[in-house]
Every structure is written in structure tokens, then in C-alpha cells.
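Written below as C-alpha cells is the structure these notes are about.
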Amino acid sequence: MKRIKVAVAGNPNSGKSTLINAIAGTHLYVGNWPGVTVEKKTATFKFDELTIDLVDLPGTYSLSPYTQEEIIARDFLVKEKPDVIIDVVDATNLERNLYLTVQLLELGIPVIVALNIFDEAKKKGYEINITELEQLLNVKVIPTVATKKEGIKELLQAVKEVATSPEKFRPRKLDYGPDVEEALKIIEEEIMKVRKELFDTYPKNWLCLKLLEGDERVLQDTGFKGDEDFLQRARSHFIKAHEEDPESILAEMRYGIAHGITQKVLRKKAGARIDLTQRIDKIVLNRYLGIPIFLAIMWFTFKFAFDFSGPFSDWIDGLISGPITRWATVGLNSLNSPEWLVSLVTEGIIAGVGAVLVFVPLIGIIMFLMTLLEGSGYMARAAFVMDKLMHSIGLHGKSFIPLILGFGCNVPSIYATRVLETERDRKLTAMICPPISCSARLPVYVLFIGAFFGTKGATVLFSIYILGMVMAIIVGFILKNTLFKGPTPPFIMELPPYRIPTLRDLTIHTWLKLKHFLIKAGTFILGASIVFWFLLNTPYGVEKENSYLGKFGKLISPIFEPLGFGNWQAASSLVTGIIAKEVVVTTMAEIYAPEKKEKKEEQITFSEEIKNICIGFISAFGKGFSNIFSSFGISSWEVEEQPTELQKKLQEVFTPLSAYSFLVFVLLYVPCLTFAFVLRAEFGWKTLGQVLLIYLILPWITSFIVYQGGKFLGFE
Amino acid sequence: MKLSELKIGQKARILSIKTTGPLKKRLMDMGILEGEPIIVEKVAPLGDPIDIVVKNYHLSLRKSEAEKIEVEVIE
């Protein structure tokens, strides 16, 4: 049985992912390209007697050496030498898409053009002469409608045909004109003389073209300097003729070929209907309506993501901490397990699994919404509307969305950074998310504000949120001038036509992301939860003060002395707050005002329990929907009433100033375990290390300034 | 004149790109080529970036990039 490697290339917005989903669907695996944060989709499946390894290359407009996506795509094509390239071409935008096709043909690998979005092109009154296009490019051209799975079989059939007799489908050399041909001949002859072996690694024609262009990466890889005598000789005469650099001349020639072919094969019928995209944009990008519409869409996204997912997360939480914990306890008790083991299993392992699973509804819905915004074409408009504002703080227009989601939860923010085009923007945006105050920090604020600030509470709360935003901007500014030094990437972005994404695309993408979260982040979160259980509960049965947590708290408490809360109780609470910020409150309650655990033995039968679980799940739908339509505000994240007992204790230990300093610290230090491990899954250990460092130093400095400055100004 | 100075709805032809290296290549890859007709469709609500039509599709650019593109008005 034959095994072949197929690469899928194409412009962004050419329907490439939809086509991949239609071809490989459930076989898809999503990961990252090695060492970078660019998504890589792969699949292995059988077609007739053929085993196909499919690799989705990043969507690119060209194969220049300047963007990460383009470098990945061309490196793969040159080094991995796939047997066939499927080039996804948007039939409604033929010329610009063929510009990439021309470059793919330079590689000498058999190409099959999937002429996608063929239905829309027909509707627009475009007639494309496929036979002529096939002849001009000397490749197979298959019309496809990926959204309707049309042409997929024919496409795979073509792959099979090409793979069985590759020589027949070797692309013909395109004609760049006598000047270029002359120059290429000079280079080829010289290489044959001095570095013949290079032609074993690189496609001949492609290498000569790249050397002629003076392509930085190829020069670097081959060890040429770029100013060798033969290269200068090759360039000299046609530079004189064109007064441009070779790279630009060749770009113009390639577009010239694409233009010429388009002219020959494309007929536009007159009287086509008015462009729907243009009509929508008249409203959506309107000078006065643009921003309100954007804010309304953001508000719905936010509501839907957090309020709709809330009841489902609550249901999962209830299921894990209720019935499942009870069953495990009963089971372990019946085996006469020691008390500590029951605690480890229920409070360490099962609770750890729960901590991962409660994020599933939220991440699922966010991914669904982001794919919807991206696939519909609105995301580009959002960037267009917000770019001026975001650019003023050195970010891309699309950064706004991840940052605003951060107010609900920082974790989906990391996933939402996927919408950004460059790694720099993705990392930078993710790294400035933590100071955006998520809803899990609210219980801590409420506890302290209730105890110390009374009528001034609203102002204090507001000041904390503002401080978070200011800090995000400051960190962004610092990072831009240190880690991300260099010019801001240009904002040259296509505004693609509006399209309705298919439900299949949305669900496949959401599922792939969730799987990635469960495997790549979930396992770490579970592991860390178990570590924290040991920290909190060993030696088993001792007072909190003598647990490892208490000891650790005591050890590090001097660090917090200059910030106004140098006691082991506060320090320990901050440590457990790394699990999740709201845990600060629970730990404080346990330390300051321990409640005797009353064991309530409820007698519920198994079948009743199952019934309750089902009812709970169904009512979560009801709650989710009613939350969306309920009044303004984040209803599902209500703050539970705190025992005043705890607040009284806090009043003995903290002053208003040290309480405020504590809140500033809670705002700014590392958000939570889930954030940390999702960040690692998406960006790697190094970025996680940098984030941990920043958000341990920054809160200390800020709290220090707040506390010492406040004291200096006479506050208490 | 510069592309950034064009008014909404004005048609123009690209004369040259006054920059080099990656930015120039990127602009050319997107179809900003000498002689190409171009039209400014929209300006973002906050005044920047702009939305142009080139090679029959919509492209948005910041004014700072549009400044580097020389054009002549044709209509």
C-alpha cells in the first residue's frame, strides 16, 4: 500500500480550513508547528488503497521570507518535499490567489488546484474556463464547494491520479520572460560548476529564482553572501532594464502571469447582483454606527460566553463535588480506607478533575464564538474599527477581543489570541492579560471592601479595575521595548467577504481546541491540584498553621512585610490563591474562622441522584438562556455572602491601607493555575516563565508603592 | 500624491511604493503594484485605518503605510 504526503496550501479566507475539515474531518489532529505558536493541523487517512498524510500549511498570500507563516509553509515544501500540493484557490478572487499558485509551481512539486467557493463565484456571475486554466497552468483543476462537501471525492481522486504518475504532472516551467531566463541560466551554470550538490536538496528552478531575488533565508541556508560575482552578473542587465530590485521585479512578473491567466479564463457576466458584503459594510463600518455595533457584538459575545456557560460550569461543579465525591467516599469507606486517602481522592484528585472540567463549557463556547466571528468575516471588521485605539498602545486592532474577555476570565483570552496574525501580537496580548481583573478576583475584593471601605466601596472597586487596565498598558509598553523590540508589524489586512460558517466547521474546530485543552493543559492542572492538596493537608490532621502551607506561609511572610501584610495567614492565602483567586477567600475563612465540619449524612438513593443530575443539566440550559436575556450584569458570578465573623477577624489584622495594598497584590499576581498551564500549552514554558516572573515582581512593586506611599501621605 | 491623501470614493492609479524590504514586498504580495487602479472605499470610524479596493478585493491599511504609496488620481 502506498503512503503519500499531501500539503494543503492557500490564501487566508480561501476556505482552506473548511476544505480540510471536509476532507479529513474526524481524523484531524491539531498542534503547533515546532517552536512557534502557529497552529498545525494534520490528518492521516485512507483513500482507496492509498494512505494519505495530510498537512495543512498556514494560510499565506505569498512565499516570501518575511512572515512566520510563509517561512513555515515554504520550509515545509522545500525540506519535506510533499508528493502533492493541494492549492486552495478562492474562485471569487482568482488573480490574487493565482499569485500564490505561480509561486507553488516554481517548486517543481505536482500541484492540484482546488477551485473553491465555486458556488459563490457562479452566483456572482463569474464564468471560469476550467479546461483552459488546466492547460495554462499544466495542473489539474477541480472545482470545489467545501461548505457543501462538493468536489471532495474528485479532488482525492485527482490526488491519487497525480501520486501514481507524478512525472506526468510535474509542473511546467512558467515563462518569466527572456531577461529573467537569461539571469537564471547564469546562476544555474555557476551552481552546476561550484555547488552542484545544492540541486539535490533544493528544487533547481526555485533555488535559482531565490538566489536571483537575494532571498535572505536561502542565502543564509546555502552560505552565499548574495553579492557574489555571478549573482551580480545575473542581476545586472535586467535591473538596468527595470530600475527596481530583483525581488520586486519578480513579484511584478508573477502577478503579471496571474493577471494574464485570469484575463484568459475568467468571464464576468454583466448585471450581477449587488455585492452583499458591501451593503453590510455600509452599516457595520459606518462612521457613527461602527463602534456601537462593535460594542454590541462584544457585549453579546461576553454575555453568551460567561453567562450561558456559567450554569453548565455550576452543574459540572455540583456533579463533581456532590454525587461523584459522595460515591467515591462511600466506595472508599466501604473498603476501610484511611481518612487521609478519602481526602486525597476526593479533595485532591476528583476536585482536580473538576477544576479542569468546569472550564470546558467556557472554553468550548469561546472557541465556538471566536471561530464564528473569524469565519463570518466580522473579526477583520472588528480589527478595522478598533485598530486606531489599540495601535495607540502598540497593539493590533484584534487584541481588543482577548483583552475584553479577560474581564470575565483570563483563560479564554489566551485562546482568543489565536485570532491575531503574528506571533509577536499573540504573545504580547496574552502576556498583558493577567492584570485585567477577572471575575474570580471579585469575591476577594468584596470581602475586603465590605470589611474596610463601607460607603466608599464602589470607588475602591472601580479604582482596582482601572489600576488593572493601566498596568496592562504599562506592561505592554515595557514588553514592547524589551522582549518585543523592533517595529510594530504593519496592519495590512484583507477584509474578506462575509460568509456563513458551517456548523461542521464550528464544531470540529471547537472540539479540536477542547481536546487540546484537556490533554495539553488538563493533565498539568490535575497534577498541580494534587500537589496543592499535599501542601494544604500534610502532615494530615494538624492545624493549618502547622501544615506545609502554614510553614511555607511563615517562611515567605517577611517578603510581604513592606507591603503591609507580613503575616503567615495572608501569605498562605496568597499561595493557595494561585490555584484560583477566589480560593484566597476560602483559605482565609479556614484560617481565621474555622468552621467545624459537620458531617451531614443525607440518604439519597442512587436513582434519585441520577435523576437530579439530569434535571440539573436540563435546567442549566434554561438558566443559560435566561442569563443571556437577563438584565445587564454578570448574573452567574454572584458573590456569596461572607460570614461577618471572618470580616471582623480581618479588621483586627489589616488596616484599610494594608487591605488596599493586599487587594492590589491580588489583582496583579499570577491569575491562576489554569491560566498558567493554558499559557504553557499555547506558548511554551519560556513564555510561562516570563509571565510568572513579571506577575510576581510587578504586584510586589505596586503594592509597595501603594502601602509605603500611602503611609507617607498619612493614610492608615 | 499619496494614497493616504485620497478622499473616499476617489479612483487613482498606483505610481510607486516609497519603501523597501519586507513592507514593500508585503504590499506587492497583496497586489499593490505599479499601474494598478485603486479606490478608497472607507475610512474607519476613528479615522484610521482605511479600506481600499485593489485587484477586486478589499484591503485595509494604516495611514502610516498608505503614506508610502504614491498615486495619481484618474477620476
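Of all DSSP-defined beta bridges confined to chain A, some 40% are antiparallel rather than parallel. Peptides A:439-447, A:318-326, ordered by how many other C-beta atoms sit within 10 Å of their residues on average, highest first, read A:439-447, A:318-326.
Starting with the highest mean, order A:460-469, A:170-179 by the number of other Cβ atoms within 10 Å, averaged over the residues of each peptide. Please report the intermediate quantities before stating the final value.
On the way: A:460-469: 16.5, A:170-179: 14.8.
Those peptides, ordered most packed to least, come out A:460-469, A:170-179.
Relative contact order of the range B:3-74: 43 percent, from C-alpha pairs under 8 Å at least 6 residues apart in sequence. A simple spin-label model places pseudo-atoms 7 Å from Cα toward Cβ; at A:ILE474 and B:GLU67 they are separated by 3.0 nm. For the range A:261-336 versus the range A:155-182, the spacing of their alpha-carbon centroids is 42 Å.
By the count of other C-beta atoms within 10 Å, a proxy for reagent exposure, A:VAL30, A:VAL265 are ordered fewest to most as A:VAL30, A:VAL265.
Taking the Cβ-Cβ separation of A:LEU555 and A:LEU341 as r and a Förster radius of 45 Å, what is the calculated FRET efficiency to the nearest 0.05? Intermediate values should be presented prior to the final figure.
Values: r = 28 Å, r/R0 = 0.62.
Computed FRET efficiency for A:LEU555 and A:LEU341 comes out at 0.95.
Computed from the C-beta positions of A:GLU652 and A:THR507 and an R0 of 51 Å, the FRET efficiency is 0.40 to the nearest 0.05. Taken along the Cα-to-beta-carbon direction at a fixed 7 Å, the label points for A:SER392 and A:LYS204 span 5.9 nm. Shielding of peptide A:381-393 by partners, expressed as the average count of other chain Cβ atoms within 10 Å per residue Cβ, is 4. Taking the C-alpha atoms only, the angle from helix A:503-516 to the longest principal axis of chain A is near 60 degrees.
Can you tell me, using C-alpha contacts under 8 Å and at least 6 residues apart, the relative contact order of chain A as a whole percent? If you can, show how the numbers build up before the last one.
Values: 997 pairs, mean separation 85.9, N = 716.
Taking the mean separation of contacting Cα pairs over the length of chain A, I get 12 percent.
Too long at a 32 Å Cα-Cα cut-off: which of A:LYS225/B:LYS25; A:LYS79/B:LYS25; A:LYS2/A:LYS686; A:LYS79/A:LYS153; A:LYS268/B:LYS25; A:LYS513/A:LYS554? Cα-Cα > 32 Å for A:LYS2/A:LYS686; A:LYS513/A:LYS554; rest within. To the nearest 20 debye, what is the magnitude of the charge dipole of chain A about its Cα centre, counting +1 on the Cβ of each Lys and Arg and -1 on the Cβ of each Asp and Glu? Dipole size: approximately 700 debye.
Shape annotation for the range A:383-521: C-alpha extents along the principal axes are 52, 37, 30 Å, from largest to smallest. Can you give the angle from 0 to 90° between the axis of helix A:309-319 and the longest principal axis of chain A, with both taken from C-alpha atoms, to the nearest 10? On a 0 to 90 degree scale, this one is about 60.
If you wrap the Cα atoms of the range B:3-74 in a convex hull and average its projected area over all directions, you get 4.2 nm².
Here the label points at A:GLN232 and A:ARG267, each 7 Å from Cα along the C-beta direction, are separated by 5.4 nm in the simple model. Relative to the longest principal Cα axis of chain A, at what angle does helix A:290-302 sit, 0 to 90 degrees, rounded to 10? It is inclined by approximately 60 degrees.
For the range A:265-344, just say rounded, prolate or oblate: build the C-alpha gyration tensor, square-root its eigenvalues into a ≥ b ≥ c, call rounded for a/c under 1.5, and beyond that prolate if a/b exceeds b/c, oblate if not. Mind showing how you got there, number by number?
Values: a/c = 6.86, a/b = 3.15, b/c = 2.18.
In terms of gyration-tensor shape, prolate.
Inter-chain Cβ neighbour count for A:492-501, averaged per residue, equals 4 (cutoff 10 Å, partner chain atoms only).
Note on B:33-39: average number of Cβ atoms from other chains within 10 Å of each residue's Cβ is 2.
In this structure, B:GLU75 and A:TRP299 have a Cβ-Cβ separation that, at R0 = 51 Å, corresponds to a calculated FRET efficiency of about 0.80.
Which length gain, in nm to one decimal place, applies between A:ASN138 and A:PHE715 when the Cα-Cα distance is subtracted from 0.36 nm times their residue separation? Before the final figure, lay out the partial values.
On the way: separation 577, 0.36 × 577 = 207.72 nm, distance 7.99 nm.
Full-extension gain reported as 199.7 nm.
With the biggest extent put first, the Cα atoms of the protein assembly as shown measure 89, 64, 59 Å across the principal axes.
Tell me the mean residue ellipticity at 222 nm calculated for chain A from its helices only (DSSP H runs of n ≥ 4, each -39500 (n - 2.57), averaged over every residue, nearest 500). Working shown, then result.
Values: 35 runs with 421 residues, N = 716.
After summing the helix terms and dividing by the residues of chain A, the value is -18500 deg cm²/dmol.
Where a Cα-Cα gap under 21 Å defines reach, which lysines qualify for B:LYS42, not counting those fewer than 8 residues away within the same chain? Cα-Cα hits under 21 Å: A:LYS282, A:LYS388, A:LYS398, B:LYS2, B:LYS7, B:LYS11, B:LYS55, B:LYS63, B:LYS68. The length gained by stretching the chain between A:CYS614 and A:GLU189 to full extension, at 0.36 nm per residue less their Cα-Cα distance, is 145.4 nm.
Every number in this text was worked out from the coordinates using simple rules, so none of it is lab data. Everything quoted here is computed from the prediction, not taken from an experiment. With ideal geometry, Cβ positions are generated from the backbone for all residues, glycine too; neighbour counts draw on all protein chains shown.
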